[in-house]
Amino acid sequence: MMCSTGIPLPFAIVADLRTGSTLLSSSLNKHPQICCRGELLHPNDLPDNQLSRVRRHDLNASELLQAAFDVACVRAAGFRAMIFRPDPQEQPQWAAFWDRLAIWKSLRVLFLKRRDPLAQYASLCIAQQTGQFHPAAGDPILSAEHRPRLQIDPDAFRTWAEQRHQLRSHRKAQLQGVPILDLSYEELVSQWDFTMQQIQRFLGVDIRPLAQAKQKQEQRPLRSVIRNYEQVRGIADHLPT
């Protein structure tokens with residue numbers, strides 16, 4: 001079957017852990033004009049981060065990007081790029097990834113963050129404790145009574161949040177000059193249809209309704225999740241955004 005879509009628009013979802021990047025990439029991948037792979041720089045081979053005809057670890061940064069964007073019969077091709085990867089010790093062949101990405105012709109970036117660092121940190125702690133990171137729609141979810149409550153170390157949380165803010169700011173500075181659509185987890189889940197339309201316009205594809213490919217795990221209010229909520233909320237409210 002022949003197709004005449006031309007060279008697809010390259011894009012990257014730049015995000016951190018527990019910000020909705022898996023939800024976003026999986027949902028965009030349901031669009032017939034979009035190919036969105038998973039975490040391209042992950043050290044492990046995962047079902048959603050494989051490339052056609054080549055092994056990721058055999059490629060340098062430029063070759064990796066070329067292979068990721070070289071997709072037939074779509075109008076936009078992209079992947080998830082986590083702000084804390086690659087590990088220069090484990091993946092030295094990808095050390096130039098962010099420099100190469102920043103100069104990639106016609107690149108567009110979906111820059112996704114979570115506005116509430118306390119909610120992000122709590123989500124990460126619970127995922128680590130339960131082992132449930134990315135359940136698909138229909139997968140069983142632990143009920144509220146079986147989900148852990150957290151006692152958060154204030155100093156550990158503050159250090160983590162400040163480090164993530166610095167790393168996020170560094171990645172954004174590296175992408176200066178690239179068209180960026182700033183997104184938040186909060187608006188993604190509360191204004192799903194509007195946000196997905198905004199993203200599709202940004203990527204130059206036909207606007208189509210897209211269902212959420214993942215389901216929200218935590219239904220409890222944050223105050224019920226964290227035992228020392230008031231203490232760490234006071235810290236969170238004074239962190240840089």
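Side notes on the structure shown:
- Taking 7 Å steps out from each Cα toward its Cβ at ARG201 and CYS73 produces label points 3.0 nm apart.
- A dipole drawn for region 9-236 from +1 and -1 charges on Cβ atoms has a positive end, and of ALA211, ILE103, LEU24 the residue lying farthest that way is ALA211.
- Simple point charges give the picture: +1 on the Cβ of Lys and Arg, -1 on the Cβ of Asp and Glu, and for region 171-241 a dipole about the Cα centre of about 240 debye.
- The Stokes-Einstein estimate for the chain, based on a Kirkwood radius over Cα pairs and taken at 20 °C with 1.002 mPa s viscosity, is a diffusion coefficient of 113 µm²/s.
- Antiparallel DSSP beta bridges within the chain, as percent of all bridges there, nearest 5: 5 percent
- Computed extension length for ASP182-LYS105: 25.8 nm, one decimal, from 0.36 nm per residue of separation with the Cα-Cα distance subtracted.
- The calculated FRET efficiency for the pair GLN66 and GLN129, based on their C-beta separation and a Förster distance of 35 Å, comes to about 0.35.
- Least to most buried among SER27, SER169 (fewest other Cβ within 10 Å first): SER169, SER27
- Calculated FRET value between HIS165 and ARG220, using beta carbons and R₀ = 25 Å, to 0.05: 0.45
- With contacts taken as Cα pairs under 8 Å and at least 6 residues apart, region 9-236 reaches a relative contact order of 30 percent.
- Region 49-105-region 168-227 distance, computed between alpha-carbon centres (Å): 22 Å
No value in this document is a laboratory result; all are computed from the given coordinates. From a predicted model like this one, the values you see are computed outputs, not experimental measurements. Every residue, glycine among them, receives a Cβ derived from its backbone with ideal geometry; neighbour counts consider all protein chains shown.
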